[in-house]
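Enquirer: Sharing a structure below in structure tokens format, with a few things to ask.
Please treat every number below as a calculation from the coordinates, not as lab data. It should be emphasised that the depicted structure is a prediction, and the values quoted were computed from it without experimental measurement. All Cβ positions, even for glycine, are placed from backbone atoms using ideal geometry, and neighbour counts span all protein chains on display.
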Amino acid sequence: MIRLLVIGTAVALLAAGVQSWRVNRLAEQLTAAQSQLGAYAEAAAIRARQDAEQARLRDAAAALDEDLSHMEGGDAPLDAYLSDAARKLWP
């Protein structure tokens, strides 16, 4: 009877040790996943700010193009220097 009690206790301790190891492993995985999630959230926020800035710049450039096209003399031919520069800016 004592032998069964000792074996039962040893099995219970072994099972508790295995469960403790599994819990620690899952906790490490959770910490790594939370860290990765935080990095993804930060990257998404940076990307959203960049996209907003690009949209703002695109709108400003479109407004400038519109203003320049409606200014007096906007349809006048440019000299060679300005014409070359305009082709580089607006292909």
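Enquirer: Quote the convex hull volume per residue of the chain, based on C-alpha atoms, as a whole number of Å³.
Expert: Working: hull volume 9.9 nm³, N = 91.
In the chain, the Cα convex hull volume per residue is 109 Å³.
Enquirer: Only helical DSSP H runs with n ≥ 4 go in: add -39500 (n - 2.57) per run for the chain, normalise by residue count and round the 222 nm mean residue ellipticity to 500 deg cm²/dmol.
Expert: Details: 2 runs with 79 residues, N = 91.
Only helices count here, giving -32000 deg cm²/dmol.
Enquirer: Using the Karplus equation 6.51 cos²θ - 1.76 cosθ + 1.60 (θ = phi - 60°), what ³J(HN,Hα) coupling, rounded to whole Hz, does each residue of the stretch 61-78 give in order, writing x for Gly and Pro?
Expert: Rounded to whole hertz, the list is 5, 5, 5, 5, 4, 5, 4, 5, 6, 9, 6, 4, x, x, 9, 6, x, 8.
Enquirer: Between ASP65 and SER35, take the C-beta separation as r, use R0 = 41 Å, and let me know the FRET efficiency to the nearest 0.05.
Expert: 0.35
Enquirer: Taking only Cα atoms, what is the 0 to 90° angle, nearest 10, from helix 80-89's long axis to the longest principal axis of the chain?
Expert: Result, in degrees: 20.
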